[in-house]
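*Asks:* Please find one structure pasted underneath; my questions will follow.
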Amino acid sequence: MKSDKMLEACTPEALQKAMDEKEEHEKKIAAAQAEKAGLQRSLVEAREKLAALDAKEQAVKTLRLERQDAIAKGRDYADVTARIEAGEQELHDLARGRSLLEDQEAAYLTAIQACEAQLAALATDLEEYEAEVVRVKSGVLANAYNNAAQDMAGIVRELRGVCFKNGSYAFDGSPRPHGGYWGDGSLARIPMLRMDWKDVPIEDAYFFRS
């Protein structure tokens, strides 16, 4: 019988290794997702500060229009001037950080795009890890099946011998054990499972075949 190296390699240890590698990869994905979430929070914070700065600039522009209207109509504008000066002072303090906020916004956007590219690559790799787990697990189950099927083949072979050969006369007028009919499933043939069927003759494809 030609050996099946691929199936032989599907051991419980190999399955555990494949599952551990998949779990490690999932941790990398979780870490990348957490990093992206943190960058997104930082981006939102920087944009909120920029929006507050823009709103303050607009507020000062509105106050200046109000002062211009007061001047044109000959009304007192001391109060609005005081508010303008206070706003301009606040703007001066805020504006010193504008370039930093803009650089932070650009940097966070670039970093988020890099995280998204990394996550896309990790997702593709995860599919390969998942496929490997399925492949090895199917092999482990196939090995378990082959062990059980080989034992079953011996029982079926002996059962058929008893029922049809040596003592078949004993069943004249008496029920004999069978499935719905004797050709059912394992009573007729018990196939072997392999991953490598290249150059394997048909007679080696079964543990038992009637």
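The values are calculated or read from the model by the stated rules, or taken from the named source; none is laboratory data. Just so we're clear, the structure is a prediction, and the values are computed from it rather than from any experiment. Backbone-built Cβ (ideal geometry, glycine too); neighbour counts: all protein chains shown. Accessible surface is based on the protein model in full, side chains and every heavy atom, while ligands, DNA and RNA are left aside. Shrake-Rupley method; radii C 1.70, N 1.55, O 1.52, S 1.80 Å.
*Asks:* Would you tally the residues in the range 76-98 being touching a helix residue (DSSP H, G or I) at 6+ places or on another chain (Cβ under 9 Å), under 11 Å from residue 53 (Cβ atoms) and free of Cβ contacts under 8 Å to residues at least 40 places away in the same chain?
*Replies:* The qualifying residues number 2.
*Asks:* Also, I was wondering about something else. List pairs: first in the range 54-72 and under 14 Å from residue 87 (Cα atoms), second in a helix (DSSP H, G or I) and of a type outside the set (A, V, I, L, M, F, W, C), Cβ under 8 Å, 6+ apart or cross-chain?
*Replies:* 56/87; 56/90; 59/87; 60/87; 60/88; 63/83; 63/87; 67/81
*Asks:* Residues of the range 9-44 being open to solvent by less than 40 Å² (accessible area, probe 1.4 Å) and in a loop (DSSP other than H, G, I, E, B), which ones?
*Replies:* 10
*Asks:* Go through (1) farther than 30 Å from residue 131 by Cα; (2) among the hydrophobic types (A, V, I, L, M, F, W, C); (3) open to solvent by 60 Å² or more (accessible area, probe 1.4 Å) for residue 6 and report which single condition fails.
*Replies:* So residue 6 meets the others, but not (1).
*Asks:* In the range 80-106, what residues are over 35 Å from the mean Cα position of the chain (by Cα), open to solvent by 60 Å² or more (accessible area, probe 1.4 Å) and not aliphatic (A, V, I, L, M)?
*Replies:* 83, 85, 88, 89, 90, 92, 93, 96, 99
*Asks:* Within the range 91-145, take every residue that is basic (Lys, Arg) and at pLDDT below 95 and give me the one that is farthest from residue 44 (Cα to Cα). Explain how you work it out, then say what you get.
*Replies:* Going residue by residue through the range 91-145, those that are basic (Lys, Arg) are 96, 98, 135, 137.
Checking which are at pLDDT below 95 leaves us with 96, 98.
Numbers: 96: 19, 98: 15 Å.
Ranking the qualifying residues of the range 91-145, first place goes to 96.
*Asks:* Would it be correct to say that residue 141 is open to solvent by 60 Å² or more (accessible area, probe 1.4 Å), in contact with a Leu (Cβ under 7 Å, 6 or more places away or on another chain) and hydrophobic (A, V, I, L, M, F, W, C)?
*Replies:* When the stated conditions are applied, residue 141 does not pass them.
*Asks:* Among the numbered criteria (1) among the hydrophobic types (A, V, I, L, M, F, W, C); (2) closer than 30 Å to residue 9 by Cα; (3) open to solvent by 60 Å² or more (accessible area, probe 1.4 Å), which single criterion is violated by residue 164?
*Replies:* (2)
*Asks:* Can you pull out every residue in the range 175-196 that is open to solvent by 60 Å² or more (accessible area, probe 1.4 Å) and not hydrophobic (A, V, I, L, M, F, W, C)?
*Replies:* Selection gives 175, 176, 177, 178, 180, 181, 189.
*Asks:* Suppose the filter is touching a residue at least 60 places away in the same chain (Cβ under 8 Å) and not β-branched (Val, Ile, Thr); does residue 196 pass it? Steps first, please.
*Replies:* Details: touching a residue at least 60 places away in the same chain (Cβ under 8 Å): yes; not β-branched (Val, Ile, Thr): yes.
Yes; evaluated as a whole, the condition is true for this residue.
*Asks:* Pick from 141, 109: which is over 30 Å from residue 2 (Cα atoms), within 38 Å of the chain's Cα centre (by Cα) and either in a strand (DSSP E or B) or of a type in the set (A, V, I, L, M, F, W, C) (or both)? Don't jump to the end; show me each part of the working.
*Replies:* Details: 141 fails: over 30 Å from residue 2 (Cα atoms).
Going through 141, 109 in turn, just one is over 30 Å from residue 2 (Cα atoms), within 38 Å of the chain's Cα centre (by Cα) and either in a strand (DSSP E or B) or of a type in the set (A, V, I, L, M, F, W, C) (or both): 109.
*Asks:* Here is a follow-up. Taking interchain pairs and intrachain pairs at least six residues apart, which have beta carbon atoms under 7 angstrom, with the first residue in the range 130-148 and in contact (Cβ under 8 Å) with a residue 24 or more places away in the chain and the second among the charged types (D, E, K, R)?
*Replies:* 130/22; 133/22
*Asks:* Something else: I'd like the full set of residues that are among the acidic types (Asp, Glu) and over 22 Å from residue 98 (Cα atoms), limited to the range 47-85.
*Replies:* Narrowing the range 47-85 to residues among the acidic types (Asp, Glu): 48, 54, 57, 66, 69, 76, 79, 85.
Scanning the range 47-85 gives 66, 69, 76, 79.
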